[in-house]
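Undergrad: Sharing a structure, written as structure tokens. Questions coming.
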Amino acid sequence: MVILKGAEVSAKIKAQVEEKLKHIEGPAPKLAIVRVGEKPDDMSYERGAKKKLESFGLRAESYVFPADIENGAFQKAFRQINEDPEVTGILLLRPLPGQICEKDIEKQIDPKKDLDGISPENIAKVFAGDETGFAPCTAEAVIQVLKANAIPISGKRVTIVGRSMVVGKPLSMLMLKENATVTVCHTKTVDLKETCRNAEILVAAAGKARMLNGEYVGPEAVVIDVGINVDENGKLCGDVDFDSIQEQASCATPVPGGVGAVTTAVLASHLVQACERNRWSV
Ligand code: NAP
């Protein structure tokens, strides 16, 4: 089984970003990372994203708010970031605390700065197959992993386990755009094992540590593991039981070191695209 390493895909995206940056004058594009509270997962993602962006020659600044900030105060602060001409793109770490109206943020974020595709306009564009919008970075990272490794998508049977707005649903649309035949599974899916085993490309995005073992993988299947979980020993792992799929799968992404590394690279490429689009539209 071939291991599809995220670092190799990320390096390819980095080369494209650096090429585009040569044609951008003035200060490097700047990402605003908006975080509410001190959740370790958010802070770890934020550190990784910042490090990656800076290594690509891009800027990133954190905007941190207390976990108990009132909705009105947060909406106002977010509006200022949104309207700041210095800010090229925004990444909002979610979910937000319950007192904050996330829907209002989704409606107010400038679609041209919405690098993770949370605004209604970008969601509609992903569903319409319109590439002028931004898809959620993780969903796009899955496509990038396949393309960078020259794995054909067109005409393939793709099964996605998970139907969230962050991964499963947008990914199903991106796969359709690539002419795959797509099945989306969730907790009410009957015969999950059989449906997964029938897939030529299996994408795991359920958030359940090692739930998909070798019995869920068909012969020569490509397995993309989006899951990031912590197992009972406190170790980072995916949704796929990596060791048990070695016989069946033709190739697979590891966790860590797979899709996660590509997600932040896609974020960087979205930031440069946002910069290009904003400057052209001036
Ligand atoms: P989520 O919002 O919790 O959605 C999980 C989805 O999986 C739901 O649609 C759920 O079905 C389905 N599911 C859960 N258990 C299942 C089961 N036993 N059988 C079938 N379907 C099942 O999670 P998410 O935000 O999409 O994230 C999914 C995973 O990806 C998590 O591990 C997360 O940490 C990871 N992630 C990774 C990245 C990255 O950069 N690599 C980025 C984002 C997320 P229902 O709809 O029926 O509940």
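Undergrad: How many lysine pairs does the stretch 153-282 hold where the Cα atoms are under 27 Å apart and the two sit 8 or more places apart or on different chains?
TA: 15
Undergrad: Now, a different point. Mean Kyte-Doolittle hydropathy of 0.0 or higher plus an axial Cα length of 30 Å or more: which whole DSSP H helices in the chain meet both?
TA: 259-280
Undergrad: Subtracting the Cα-Cα distance from 0.36 nm times the residue separation, let me have the gained length for GLN108 to LYS208 in nm, one decimal.
TA: Value of the extension gain: 32.7 nm.
Undergrad: Follow-up. Given charges of +1 on the Cβ of Lys and Arg and -1 on the Cβ of Asp and Glu, with all other atoms neutral, how large is the dipole of the stretch 1-133 about its Cα centre, in debye to the nearest 20? List each step's numbers first, then the result.
TA: Values: 21 positive and 24 negative charges, 85 e Å.
Rounded to the nearest 20 debye, it is 400 debye.
Undergrad: For the stretch 1-110, what relative contact order do you get, as a whole percent, if you take Cα pairs closer than 8 Å and at least 6 residues apart?
TA: It rounds to 33 percent for the stretch 1-110.
Undergrad: If you don't mind, another one. Rank-order 71-84, 238-251 by packing density, defined as the average count of other C-beta atoms within 10 Å over each peptide's residues, highest first.
TA: Result, highest mean Cβ count within 10 Å first: 238-251, 71-84.
Undergrad: State, to one decimal in nm, how far the label point of ALA73 lies from the label point of ARG279, with both points 7 Å from Cα in the Cβ direction.
TA: Each label point is offset 7 Å from its Cα along the Cβ direction, giving 3.8 nm.
Undergrad: Straight distance only, please: which lysines reach the Cα of LYS20 with their own Cα at less than 20 Å, same-chain residues fewer than 8 apart left out?
TA: Correct list for LYS20: LYS12, LYS30, LYS50, LYS51, LYS52, LYS112, LYS113, LYS147.
Undergrad: In whole angstrom, how far apart do the alpha carbon centroids of the stretch 102-171 and the stretch 1-55 sit?
TA: 17 Å
Undergrad: Which of rounded, prolate or oblate describes the chain when judged by the alpha-carbon gyration tensor and an a/c cut-off of 1.5? Each step should come with its number before you reach the end.
TA: Details: a/c = 1.77, a/b = 1.50, b/c = 1.18.
Prolate, since a/c reaches 1.5 and a/b exceeds b/c.
Undergrad: Now for a separate question. Using a 10 Å cut-off around each Cβ, can you sort CYS101, CYS275 from fewest to most neighbouring Cβ atoms?
TA: CYS101, CYS275
Undergrad: Check LEU92: other-chain or 5+ apart residues with amide H under 5 Å from its amide H, H built from backbone geometry?
TA: Excluding prolines and chain starts, which carry no amide H, the hits are VAL34.
Undergrad: If you count, for each residue, the other Cβ atoms within 10 Å and average over each peptide, how do 131-137, 267-273 line up from highest to lowest?
TA: 267-273, 131-137
Undergrad: Still on this structure, I have one more. Quickly estimate the mean residue ellipticity at 222 nm for the chain, helices only: each DSSP H run with n ≥ 4 gives -39500 (n - 2.57), and the total goes over all residues, rounded to 500.
TA: Here the helix-only value at 222 nm equals -12500 deg cm²/dmol.
Undergrad: So how strong a dipole does the chain carry about its Cα centre when Lys and Arg Cβ are +1 and Asp and Glu Cβ are -1, to the nearest 20 debye?
TA: 380 debye
Undergrad: Here's something else I'd like to know. Which length gain, in nm to one decimal place, applies between GLN99 and THR132 when the Cα-Cα distance is subtracted from 0.36 nm times their residue separation?
TA: Extra length available between GLN99 and THR132 comes to 8.6 nm.
Undergrad: Just for the chain, what percent of DSSP beta bridges are antiparallel, to the closest 5?
TA: Close to 5 percent.
Undergrad: Mark the label point 7 Å from the Cα of SER44 along Cα→Cβ and return the residues of the stretch 213-229 whose backbone N is within less than 12 Å of it.
TA: 228-229
Undergrad: Based on the mean of other Cβ atoms within 10 Å per residue, sort peptides 146-156, 54-64 so the most packed one is first.
TA: On the way: 146-156: 14.9, 54-64: 17.3.
Highest to lowest by the protection proxy: 54-64, 146-156.
Coordinate-derived values only; no laboratory data. Bear in mind the structure is a predicted one, so any value in this text is a computation, not a measurement. Methodologically, a virtual Cβ is constructed for each residue, glycine included, from the backbone with ideal geometry; neighbour enumeration extends over all protein chains shown.
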